[in-house]
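Written out below as structure tokens is the structure these notes cover.
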Amino acid sequence: MNPKETPNLNPLSFRAEVEDTMSELTSLAIEFQENADFSQRLNQAVLTLQKRRLGRAGPGCTDQDVEQARQLLIDVVAQLRQRLADDSAGVAEDSDSLPPQVVQRLREKQTETQYLTQDLEELETTLRAGKEMTNEQFELVDSLLQVAETAASASFRRLWRR
Amino acid sequence: MPTFVYNLFHDLRQRCASLLNKAERLGSKAASDVQPYATNIAARLRRLDTLIELYLRDPDIKVSELASYYFGEYRNIARFLHETEFGPILALERFGNNDLFLSRLVAELCREIQFPYAPPLCVALAHNYYFTLPEFDLIFAPASEPSHLLALPDLLHELAHFVFIRSAAEFATPLKKIVAQRFKQLRQQAKQKNWAAALQKQLSNSQQLWEDHWLEEFGCDMLATYWGGPAFGWTNLRLCTNLGDAIFIGNPTHPADDARTQGINAVLREMGHSSKIAALESRWQEMVRLSRQSKANDFDLFYPPGLLDQIAASVCATAKANGMLPFHGEESATVPKIAGILNQAWAHFDSAPESFAAFEVGVIQDLRQRFNVAEC
């Protein structure tokens, strides 16, 4: 008999392949929300600083906007430095606004990028001193933004596009 | 020539206007319980519509050096609209009597436990198990839940997620500190005892899992137990029999079922319901035997002994300090509390499963009458 014609007597044969994501949607929704909020705040801050750098006078780049963006970046960079300096790969003892997936991705990046910690330290010094960021420092910030956006996209995809 | 990102913002404007129109239309014909929800969603979409207009009028959107940042903004808004369409708009569009029943049940539970926020909407539209979209005040329950009792305590776990997100400083931060200190201590001990590098690395990996999701899952189980008592433990046991796979192994979003059970028991002990644990524990062991699984050797590396007791003590103390009401056990109130009804349901099921179906039908009828919601 052709195996294809064999009647399937398995009582569970009606069961389709299911993904292993049952009941995990709440966790994913929360993860996405954290990552999306962080990515959005960082993106808006960098957009403001880039507008100022290019001398644009449109909306969203008043002195107050620029100061708020600079402060947000200082907080993010300081928290990142603290988390990356702790090689335990674990839970922050103090509350910070960094999503775990972003920290995790940057830890992986840290092993590839020899000078990440040092670059972040110099960036924080520049920002705290109110100096202009260099091109390399804007590139560094863009790479942080890329990590944040990738984390947000990845959790969004897992949540909604399965 | 307009830039691509500028064109995309026009698409966003159209999508947003369409969803706003839907939300307003659905709100105008919704039941009174649902109207504030629809109004709130419409208001959020209106604010978003204004924001999109601002971006379209921003001359910088056409500056090529800034295009990638505007694209970032576009993606954030597009994702929000996607969630709105598949979350609240879907819920409002399909909202029926079963959803009204669940939403009123959730509202009553919220009142009982002194939930510190407005009760979320609850709809029987889940495409798998219970899940929540906290940003949209929305809980999804499986389609048949309005007719059953045994899984309803899971609503408390979903409500707990709102607390852990919105009151993170009070609830999540102290727990993070407990976990961080415990793992730090374990890493130091591992170093002193010259553990193999792979085992030390595993400790760090475990800590990462706790940080990503596990801590919140444990915390939500525990808060649900604080509110719902043993019924939540029973629901967890039933869930493990239905959807669980490896009892002693966790996955990236959820810790191992056995560890979650230990966490629930730790809260019951903390609350003085020790006598209830024996029955739960006995059934749990029975389930473990039936599934022919046993604890893996590295279980303690993922779930350090004593850590769940510390977390349980913190969750109970914080809930109490924040005015949340715990499950008190059997009561004789004129109008029985929902948590009491759910505990009675589980007690009935465990002692007389043959008559449970009839019991359940009666209780659901009473609840529908109490909440003034007709059968579908």
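Anything in the range A:127-162 that is assigned to a loop (DSSP other than H, G, I, E, B) and either touching a Lys or Arg at 6+ places or on another chain (Cβ under 9 Å) or within 13 Å of B:Gly72 (Cβ to Cβ) (or both)? List them, or say none.
Quick first cut of the range A:127-162, residues assigned to a loop (DSSP other than H, G, I, E, B) only: A:129-134, A:161-162.
Selection gives A:Gly130, A:Glu132, A:Met133.
Determine, yes or no, whether A:Pro7 is at pLDDT below 95 and at the interface with another protein chain (Cβ under 7 Å from one of its Cβ atoms).
The answer is no for A:Pro7.
Out of contact with any Asp or Glu (no Cβ under 7 Å at 6 or more places or on another chain) and within 16 Å of B:Asn236 (Cα to Cα): which single residue out of B:Asp258, B:Asp300 fits that description?
So the residue among B:Asp258, B:Asp300 that is out of contact with any Asp or Glu (no Cβ under 7 Å at 6 or more places or on another chain) and within 16 Å of B:Asn236 (Cα to Cα) is B:Asp258.
From the list B:Leu100, B:Leu105, B:Leu125, which residue is within 14 Å of chain A (Cβ to nearest Cβ) and at negative phi?
Only one candidate passes the filter, namely B:Leu125.
Which numbered condition trips up B:Arg269, out of (1) among the basic types (Lys, Arg); (2) under 30 Å from B:Ala169 (Cβ atoms); (3) surrounded by 14 or more Cβ atoms within 10 Å (Cβ to Cβ); (4) touching a Phe, Trp or Tyr at 6+ places or on another chain (Cβ under 9 Å)?
Checking B:Arg269 against (1) among the basic types (Lys, Arg); (2) under 30 Å from B:Ala169 (Cβ atoms); (3) surrounded by 14 or more Cβ atoms within 10 Å (Cβ to Cβ); (4) touching a Phe, Trp or Tyr at 6+ places or on another chain (Cβ under 9 Å), the one that fails is (4).
If you go through the range B:232-249 one residue at a time, how many are crowded, with 16+ Cβ neighbours inside 10 Å and either over 17 Å from A:Leu25 (Cβ atoms) or among the hydrophobic types (A, V, I, L, M, F, W, C) (or both)?
The number of residues fulfilling the criteria is 12.
If you go through the range B:115-124 one residue at a time, do you hit one that is at pLDDT 95 or above, out of contact with any strand residue (DSSP E or B) (no Cβ under 8 Å at 6 or more places or on another chain) and assigned to a helix (DSSP H, G or I)?
Looking through the range B:115-124, none of the residues is at pLDDT 95 or above, out of contact with any strand residue (DSSP E or B) (no Cβ under 8 Å at 6 or more places or on another chain) and assigned to a helix (DSSP H, G or I).
Quick one: which residue in B:Arg283, B:Arg238, B:Arg289 is over 16 Å from B:Trp346 (Cα atoms) and of a type in the set (Lys, Arg)?
After ruling out the rest, the residue left standing is B:Arg289.
Looking at the structure I just gave you, is B:Ile139 surrounded by fewer than 19 Cβ atoms within 10 Å (Cβ to Cβ) and hydrophobic (A, V, I, L, M, F, W, C)? If you could, list the steps in order and put the result at the bottom.
Working: surrounded by fewer than 19 Cβ atoms within 10 Å (Cβ to Cβ): no; hydrophobic (A, V, I, L, M, F, W, C): yes.
No: the conditions fail for B:Ile139.
Looking at B:Ala180, B:Ala198, can you tell me which residue is surrounded by 15 or more Cβ atoms within 10 Å (Cβ to Cβ) and of a type in the set (Gly, Ala, Ser)? Before you say what the answer is, go through the steps one by one.
Working: B:Ala198 fails: surrounded by 15 or more Cβ atoms within 10 Å (Cβ to Cβ).
The match here is B:Ala180.
Quick one: how many residues across the range B:298-327 are outside any helix (DSSP H, G or I) and either among the aliphatic types (A, V, I, L, M) or at positive phi (or both)? Break it down into steps so the answer makes sense when it comes.
First, the residues of the range B:298-327 that are outside any helix (DSSP H, G or I): B:298, B:303-306, B:322-327.
Cutting the leftovers down to either among the aliphatic types (A, V, I, L, M) or at positive phi (or both) gives us B:306, B:323-325.
So the answer is 4.
Does B:Arg166 satisfy the criteria of being of a type in the set (Lys, Arg) and either within 11 Å of another protein chain (Cβ to nearest Cβ) or within 28 Å of A:Leu42 (Cα to Cα) (or both)? Break it down stepwise before answering.
Details: of a type in the set (Lys, Arg): yes; either within 11 Å of another protein chain (Cβ to nearest Cβ) or within 28 Å of A:Leu42 (Cα to Cα) (or both): yes.
Yes, satisfied.
Have a look at A:Glu124, A:Glu108 and point out the one that is at pLDDT below 95 and either acidic (Asp, Glu) or not in a helix (DSSP H, G or I) (or both).
A:Glu108
For B:Ser144, which of the numbered conditions (1) buried (at least 19 other Cβ atoms within 10 Å of the Cβ); (2) free of Cβ contacts under 8 Å to residues at least 40 places away in the same chain; (3) under 30 Å from B:Ile341 (Cβ atoms) fails to hold?
(1)
Name the pairs whose Cβ atoms lie under 9 Å apart, with the first residue in the range B:357-376 and more than 15 Å from B:Leu149 (Cα to Cα), the second surrounded by fewer than 11 Cβ atoms within 10 Å (Cβ to Cβ) and at pLDDT below 95, and 6 or more positions between them or separate chains?
B:Arg370/B:Val335
Which condition does B:Ala91 not pass, out of (1) closer than 21 Å to B:Ser144 by Cα; (2) surrounded by fewer than 21 Cβ atoms within 10 Å (Cβ to Cβ); (3) more than 12 Å from chain A (Cβ to nearest Cβ), if it passes all the others?
B:Ala91 satisfies all of (1) closer than 21 Å to B:Ser144 by Cα; (2) surrounded by fewer than 21 Cβ atoms within 10 Å (Cβ to Cβ); (3) more than 12 Å from chain A (Cβ to nearest Cβ) except (2).
For the range B:125-149, what are the residues that are of a type in the set (Gly, Ala, Ser) and assigned to a helix (DSSP H, G or I)?
Listed by number, the list holds a single entry, B:Ser147.
Within the set of pairs 6+ apart or on separate chains, which have a first residue in the range A:46-69 that is within 11 Å of chain B (Cβ to nearest Cβ) and under 16 Å from A:Glu139 (Cα atoms), a second that is of a type in the set (D, E, K, R) and surrounded by 17 or more Cβ atoms within 10 Å (Cβ to Cβ), and C-beta atoms under 8 Å apart?
Hits for this filter: A:Leu47/B:Glu73; A:Thr48/A:Asp65; A:Leu49/A:Arg70; A:Lys51/B:Asp60.
Where in the range B:184-297 are there helices (runs of 4 or more DSSP H), lying fully within it, with 1 or more residues that are under 17 Å from the mean Cα position of the chain (by Cα), aliphatic (A, V, I, L, M) and modelled with pLDDT of 95 or more?
So the answer is B:215-228, B:230-243, B:257-270.
Go through the range B:47-73 and give me each residue that's more than 10 Å from chain A (Cβ to nearest Cβ), touching a Leu at 6+ places or on another chain (Cβ under 9 Å) and in contact (Cβ under 8 Å) with a residue 60 or more places away in the chain.
Once the filter is applied, which keeps residues that are more than 10 Å from chain A (Cβ to nearest Cβ), touching a Leu at 6+ places or on another chain (Cβ under 9 Å) and in contact (Cβ under 8 Å) with a residue 60 or more places away in the chain, the range B:47-73 yields nothing.
The values are calculated or read from the model by the stated rules, or taken from the named source; none is laboratory data. What you see is a predicted model; the values in this text were computed from it and never measured. Positions of Cβ are backbone-derived with ideal geometry, glycine not excepted, and every protein chain shown enters the neighbour counts.
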